[in-house]
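Below you'll find the structure, written out as C-alpha cells, and then a few comments.
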Amino acid sequence: MKRFIKNSFIILFLLFLYILISAQNYSFAISSDLSQAVFRLHVIANSNSKEDQDLKLKVRDNLLNYMNNICSDCKTKAEAMKIANENKQIFQEIAEKTIKENGYNYDVKVNINNFYFPTKSYGDISLPAGYYDALRVEIGKAEGQNWWCVMFPSLCFIDISSGIVDKSGKENLEENVEDESFKIISQSENNSSIKFKFKIIEFFAQTGLFTAKN
C-alpha cells in the first residue's frame with residue numbers, strides 16, 4: 001500500500017511537472033512572438049494633475065503623428081524600430097517643443113529600450129503583460145499616470161471611448177505574428193479555451209516566470 005501511494009505521488013508530481021513545463025514553453029513562445037512583432041509607445045506624465053495629464057496627451061498625439069508619417073510604409077517591427085532609432089533626437093525635439101508651446105518647462109527623457117508592460121487592451125486587441133520594445137517618454141518628474149499604445153503595427157486610437165482600432169494596423173499585426181498568437185490576443189476569438197490560455201500567459205508574465213525578454 002505504501003509503495004502504491006509513493007508511486008502515485010511520483011506520477012502526480014511528474015504529471016504536474018509536465019503540465020508546468022508545457023505551460024511555460026507555450027507562454028514563452030507566445031510572449032516571444034508578440035514581443036518580436038510589436039513596438040510600443042509609453043508616455044509618462046509629470047503628475048496626475050489635469051494640466052499635466054492634458055499635456056501628456058498632446059505630447060502623445062504629436063509623437064504619433066510623426067511616427068505614423070515616417071513609418072507609413074513599414075511592414076515589420078524591425079523597420080519601424082530602425083526608423084525610430086534614427087529619429088530619436090527628433091522625437092526628443094517634438095516632445096520638448098510641445099511642452100514649451102503649452103507653457104511648461106519640464107525636462108523630457110526619450111529612451112528606446114525593452115520594458116515591462118502590464119496587460120492592456122486596444123479596442124478588440126488585448127496584449128498580455130510582458131516585455132516589449134518601446135519608445136518611452138518621461139515628462140518632468142514622470143510621477144503621473146502612463147499612456148500605453150502600440151506604435152507598430154499602429155493600434156493607437158485617440159478616442160479611447162470609441163474602442164476603434166485602425167483596421168490596417170490590425171491586419172499588419174496579424175501578418176507579423178503566428179496564427180495562434182493572434183487568436184490569443186484577438187477578443188473576437190471569444191471562447192473559454194482562448195481566455196484560459198491568455199490567463200496562463202498573464203500568470204507567467206506577472207510572476208516574472210519564463211517570460212520572453214529581449
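A compact table of results
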read-out	value
Set Lys77/Lys170; Lys58/Lys170; Lys58/Lys109; Lys56/Lys82; Lys77/Lys141 screened for pairs whose C-alpha atoms are more than 20 Å apart	Lys58/Lys170; Lys56/Lys82; Lys77/Lys141
5 Å binning of all Cα-Cα separations within segment 43-89, expressed as whole percents from 0 upward	5, 21, 22, 17, 14, 11, 8, 2
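Quick note: the coordinates plus some simple rules give every number you see, no bench work behind them. As the structure is a prediction and not an experimental result, all values here were calculated from the model.
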